[in-house]
Amino acid sequence: MPDLEQLQRNLRERGFECSYFPTAKEAADYLDGKIDGCTVGMGGSMTIQQMGLMDRLPKHNDFRSHWAGGTWADSEGTQVYLCSVNGLAETGEIVNIDGSGNRVAATIYGHQELYLVVGINKITPDYESALWRARNIAAPRNAQRLGVDTPCAKMGDRCYDCRSPQRICRALTVLWEKPRAIGRAEVVLVGEELGL
């Protein structure tokens, strides 16, 4: 079990606000109440989808996502951006891998508010293990989900650092601190497994 108190302290020292909810429902209720009357962008996120926020937020926000019939560019310049992460170290580093770059770019620039929602399954002890998780757990599972023709999708066991034309691992970001070009950034921790 991760040390959630230490993790929250480490995130706050790095400039992130932090909240914790035991269940996905409580976290979804919190975000649904907090994000209201805004333009909201979302990157591809099984976590956000599993929480039901793709159904709830559009009822009282201008919701934009390529998963909701839009394009990757639709979520650029929105007031709020919402996504998850591939790995979160207890030491505070936040790791994401992306294929198109829209999701990782949105976590570092251009939004008044950023919410990173993280299920307990994505928390690791340190930076090296968060990076390992992103590459060897999240990426193969996402490749399988997307049905791409890559070694990790076929084998499902690890990253092969392939050169496949369908490779989904094309950009990596590590947030060591809250980016300056993001107004407010909050990591929402959930005490349940969410996402891949």
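Worth a mention:
- Charge dipole (Cα centre; +1 on Lys/Arg Cβ, -1 on Asp/Glu Cβ; no other charges) of the range 4-115 amounts to roughly 60 debye.
- Remark: the ALA68-GLU128 segment gains 18.2 nm on full extension, using 0.36 nm per residue and subtracting the alpha carbon distance.
- DSSP bridge orientation in the chain - percent antiparallel, rounded to nearest 5: 25
- Within the listed set GLY92, GLY41, GLY147, the Gaussian network model of the chain (springs between alpha-carbon atoms below 10 Å) gives the highest mean-square fluctuation for GLY147.
- Start at zero, step by 10 Å, and the Cα-Cα distances of the chain spread as 10, 38, 38, 14, 0 percent across the bins.
- Coupling constants for the range 50-56 follow from the phi torsions by the Karplus curve (6.51 cos²θ - 1.76 cosθ + 1.60, θ = phi - 60°), and in residue order they are 4, 7, x, 6, 5, 8, 7 Hz; glycine and proline get x.
- Most fluctuating residue given options ARG12, ARG170, ARG158, as computed from a GNM of the chain linking Cα atoms under 10 Å: ARG170
- Note that the range 145-156 has calculated 3J(HN,Hα) couplings of 4, 7, x, 7, 9, 9, x, 5, 5, 5, 8, x Hz, one per residue in order, obtained from phi through the Karplus relation 6.51 cos²θ - 1.76 cosθ + 1.60 (θ = phi - 60°); glycine and proline are x.
- The value given for the range 98-138 is a Kirkwood hydrodynamic radius of 11.9 Å, derived from the mean inverse Cα-Cα separation.
- Over every Cα atom in the range 126-196, the radius of gyration and the widest Cα-Cα span, Dmax, amount to 14.4, 41 Å.
- Amide H to amide H distances under 5 Å link THR124 with LEU88, ALA89, GLU90, where only residues 5 or more positions off or on other chains count and H is placed in the peptide plane.
- Length-normalised contact order of the range 17-157 in % [C-alpha pairs under 8 Å, at least 6 apart]: 20
- Efficiency of FRET from Cβ geometry, GLU26 and LYS59, R₀ 22 Å, rounded to 0.05: 0.70
- log₁₀ of I(q)/I(0) at q = 0.22 Å⁻¹ - the range 47-136, Debye sum with one point per alpha carbon: -1.15
- The amide H of PHE21, built 1.01 Å from its N in the peptide plane, has LEU189, VAL190, GLY191 as neighbours under 5 Å, considering only residues 5 or more places off or on other chains.
- Per-atom-type breakdown for the chain gives carbon and sulfur 49% of the accessible area (1.4 Å probe, protein chains only).
The values are calculated or read from the model by the stated rules, or taken from the named source; none is laboratory data. Nothing here was measured: the structure is a model prediction, and the numbers come from that model. FYI the Cβ positions are ideal-geometry reconstructions off the backbone, even for glycines, and counts take in every protein chain you see. Please note that ligands, DNA and RNA were not included when accessible areas were found on the heavy atoms of the full protein model with its side chains. Shrake-Rupley method; radii C 1.70, N 1.55, O 1.52, S 1.80 Å.
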